[in-house]
1. Considering each residue of region 62-78, count those that are closer than 13 Å to Leu144 by Cα and free of Cβ contacts under 8 Å to residues at least 24 places away in the same chain, and give that number.
2. State which residue is nearest to the chain's Cα centre (by Cα) when the search covers only region 98-128 and only residues that are crowded, with 18+ Cβ neighbours inside 10 Å and at pLDDT 90 or above.
3. Taking the conditions exactly as written (of a type in the set (D, E, K, R), modelled with pLDDT of 90 or more and out of contact with any Ser or Thr (no Cβ under 6 Å at 6 or more places or on another chain)), does Arg48 satisfy them or not?
4. For region 43-56, how many residues meet the condition of being over 19 Å from Ile84 (Cα atoms) and in a loop (DSSP other than H, G, I, E, B)?
5. Confirm whether Ser124 is within 26 Å of Arg50 (Cα to Cα) and part of a helix (DSSP H, G or I).
Amino acid sequence: MAQNGRIHRAMVQVAMPRHEPLDGALFLSSRCPDRERSETLYELLNSRDRMIPFERSADGLTMLLSRREIGWVSLNPELSPLEIFLPPELTIVREELVQVHFLDGSEASGLLQMDLPHQRCRASDYMNNRNDFFPLSTPGRILLVNKRAVRDMIVFETSPVPNPSPNGSRVA
């Protein structure tokens, strides 16, 4: 896909059911609707777009991925800045240690990172919100997980509220 100054490439790994994860690029708008900043992966994946352009690293081919069928997306922090992962106004107010079991039999453990009002602070409240994708901080990487790909989730313990890092990032 041609870059034209209005598109940012986010180097990611994308997992689709019954396939090995793919390395490549998702394309983010340099102008987020109603914002004075670029679109983030979180916003792209939680948008109403049904098909998302993805450029495979292996051969440079552009594929249109069904957003519904994406299991998870992981940003490559060595190739893309962490700031394009979550919007700056998203404040993680609660974290819970969880193990996610996917429909395809795979699993991932990490911190479920929630941006909830204090009166709705349970993992079940967060998982039932309108967004399709949620952040999961795992050892070594951060995933945006599609709720449709989740069979079940075990909540092990509640973690303390995270402290923002010096660069303003809220993810662990």
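The values are calculated or read from the model by the stated rules, or taken from the named source; none is laboratory data. Please read these numbers as outputs of a predicted model, since none were measured by experiment. Counting neighbours? That spans all protein chains shown, and the Cβs are built from the backbone with ideal geometry, glycine included.
1. 0
2. So, considering only residues that are crowded, with 18+ Cβ neighbours inside 10 Å and at pLDDT 90 or above, the one nearest to the chain's Cα centre (by Cα) is Leu112.
3. yes
4. 1
5. Details: within 26 Å of Arg50 (Cα to Cα): yes; part of a helix (DSSP H, G or I): yes.
Criteria met by Ser124.
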